[in-house]
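Structure record follows, encoded as structure tokens.
What follows draws every value from the coordinates through simple rules; no lab data is involved. Being a predicted model, the structure only gives us computed values, none of them experimental. When we count neighbours, we look across all protein chains shown, and the Cβ atoms used for this are built from the backbone with ideal geometry, even at glycine.
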Amino acid sequence: MSDEQEIAPNNDQELVSRTQGGDPSAFDELVIRYSPRVYGLVYHMTSNHEDTNDLLQDVFAKAYRSICNFQGKSSFYTWIHSIAVNMTINFLKKRNRRQHPSLNDPDSRIESDPDFIAATSNTDPTKEVSMHELQKKLNAAMQKLSHDHRVVVTMFDIQGMHHAEIAKILKISEGTVRSRLFYAHRLLQNSLHEFKRA
Amino acid sequence: MNTEQYTREEDKEPMHHVIRLKRYEQPHEGYFEEFLREFQFRQRAELLKPSLSAMLMERLHSLVSEIRVPAMAYAGAAVLAIIAGTAIIRQEPQATSPRSYAASYSQTPVTIEKMQPVSLRIDTPPNASQHASQQFPPAFLLQARPATHESPLSF
């Protein structure tokens, strides 16, 4: 499920070396490769497209400035995600409650997803919800979580990362990742009980 | 994480199926190409943006050039500075040993090799004493006697 294997980290190292050697086009390749994943991480944390765009620019700019210090002890994948998580959490701390959701429209493929069909056409036909209604409720439930819980839910449930990868990026133990997930799922269950699978 | 493992996790957590629907929320088509172009544009703009020190140096340079002091004046001032500096460096110190400003009270004693008796007698004409006794009472008249350095015990 994770994209790390698909992204070929060995090739990343070559691109990193070329960037460190002064080839900016190599860094462009890394931006093309990682911007969709990093976008997803930041977007699901902020629930705001414009904030995500600005943060994503800052994340890649910071990575570009600091790439000379990148020694390859972790993969570029882990490194760029760590930068993104730290910058996003700092941003959220500053933003605090001044949040105005700016959500992207869900891809039309969602309508054919069995999970979506199961969630929206519940056993009780009077409780049928639209795609946008579901999106709003999911977003509201996510925003109720603390930053620490939201980041593990985003990485594990939405982006499909391993526990070990999450632990490495957040610099916490796998046990902590699991306990945070467990607690976050319990909170989400309270908010989204109507969509719970039968 | 392989598919089997992932499926087991899914089965354990019912909310996972609902939450993962958020992955369909994607930016509009072509967003990531635009993002890269914007990133490249910002990077170039940052490179062109002069640093604070470079701006200060530029301001200083323009300020100096505005003063319009002739080049010969700079050269003259430089020569004067070099001459003054050389003169100061070449100036030898007056004394190598540390100077003492303490007052000295050593003084050679004054010696009188041979003491001569000094006569304080005033020779007066004979009629002058008579004249003096007429002017002053006798108690105020000193007897003329030679002064010596004899001990007062000799009296």
If r is the Cβ-Cβ distance from A:I117 to A:R186 and R0 is 25 Å, what FRET efficiency results, to the nearest 0.05?
0.50
Could you run the Karplus curve 6.51 cos²θ - 1.76 cosθ + 1.60 with θ = phi - 60° over segment A:163-177 and give me ³J(HN,Hα) per residue in whole Hz, x for Gly and Pro?
4, 5, 5, 4, 4, 5, 5, 8, 6, 10, 7, 5, x, 5, 4
How big is the gap, in Å, between the Cα center of segment A:141-198 and the Cα center of segment A:49-99?
20
Please list the non-local residues whose amide H lies under 5 Å from the amide H of B:E25, H modeled 1.01 Å from N, same-chain partners needing a gap of 5 or more.
A:D107
Segment A:3-197 - charge dipole about Cα centre, Lys and Arg +1 at Cβ, Asp and Glu -1, debye rounded to 20:
1080
Nothing charged except the Cβ atoms of Lys and Arg (+1) and of Asp and Glu (-1): what's the magnitude of the dipole of segment A:50-111 about its Cα centre? Round to the nearest 20 debye.
500
Output the Cα-based Rg and Dmax of segment A:142-190 in Å, rounding Rg to one decimal and Dmax to a whole number.
9.8, 29
Taking one equal scatterer on every alpha-carbon of segment A:3-197, how large is log10 of I(q)/I(0) by Debye at q = 0.12 1/Å?
-0.66
